[in-house]
1. Mind listing just one residue for me: the one in segment 25-46 that is in contact with a helix residue (DSSP H, G or I) (Cβ under 7 Å, 6 or more places away or on another chain) and buried (at least 16 other Cβ atoms within 10 Å of the Cβ) and, of those, farthest from ALA9 (Cα to Cα)?
2. Would you mind listing the strands (runs of 3 or more DSSP E) fully within segment 1-58 where at least 3 residues are under 11 Å from the mean Cα position of the chain (by Cα) and either closer than 18 Å to LEU72 by Cα or without any contact (Cβ under 8 Å) to a residue 40 or more places away in the chain (or both)?
3. Tell me which of these ALA73 doesn't satisfy, since it passes every other one: (1) more than 30 Å from LEU109 (Cα to Cα); (2) in contact with a helix residue (DSSP H, G or I) (Cβ under 7 Å, 6 or more places away or on another chain).
4. Do we have GLU49 as at pLDDT below 90 and either in contact with a Lys or Arg (Cβ under 8 Å, 6 or more places away or on another chain) or within 15 Å of ALA9 (Cα to Cα) (or both) here?
5. Do the conditions hold for ARG42, that is, is it modelled with pLDDT of 90 or more and at negative phi?
6. Can we say ASP106 is more than 19 Å from ILE12 (Cα to Cα), out of contact with any Pro (no Cβ under 8 Å at 6 or more places or on another chain), modelled with pLDDT of 90 or more and among the acidic types (Asp, Glu)?
7. Would you point out the residue of segment 1-38, among those that are under 18 Å from VAL61 (Cα atoms) and polar (S, T, N, Q), that is modelled with the highest pLDDT?
8. Conditions: (1) part of a helix (DSSP H, G or I); (2) at pLDDT below 95. LYS86 meets all but one. Number of the miss?
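The values are calculated or read from the model by the stated rules, or taken from the named source; none is laboratory data. On a predicted model such as this, the values are computed, not experimentally measured, just so you know. Glycine also receives a Cβ, built like all others from the backbone with ideal geometry; neighbour counts cover every protein chain displayed.
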Amino acid sequence: MKVAAKAFALCIDNTGYGASLILAKVYRIISDPTAAKDDLVRIVDESGEDYLHPKNYFVFVDFPSAVGKKILALETRTVRFTLDPKRPPRLTKKAKARLARLADKDIDLTDLPATYGVAWKRG
């Protein structure tokens, strides 16, 4: 498998990666010849870290130099938040009410790891 020479990838499928990949978003490619041999591409996804994703989830694109530089500059504006588990942020009354109204069927569980028979329950 030839390594993609392009610097950017446009997401066209995010099945199973709903929280990590946004459809129609352009992602920066990190060169990884070993991953390319397995039809994977290493990109900086929504976590802000680089991960391997299926190559067929993307269309590889070129941009004029000025556009590519602008995309890379925008990438550095990512806001990072570190949660202190000993002092979690409090939910507002409005947020609590919205969560209470949320039906189980409306919760996207596609990014959860396999539970191997363990059932989730509302607490």
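1. LEU40
2. 50-54
3. (2)
4. no
5. Criteria met by ARG42.
6. Against the criterion (more than 19 Å from ILE12 (Cα to Cα), out of contact with any Pro (no Cβ under 8 Å at 6 or more places or on another chain), modelled with pLDDT of 90 or more and among the acidic types (Asp, Glu)), ASP106 does not qualify.
7. This residue is ASN14.
8. (1)
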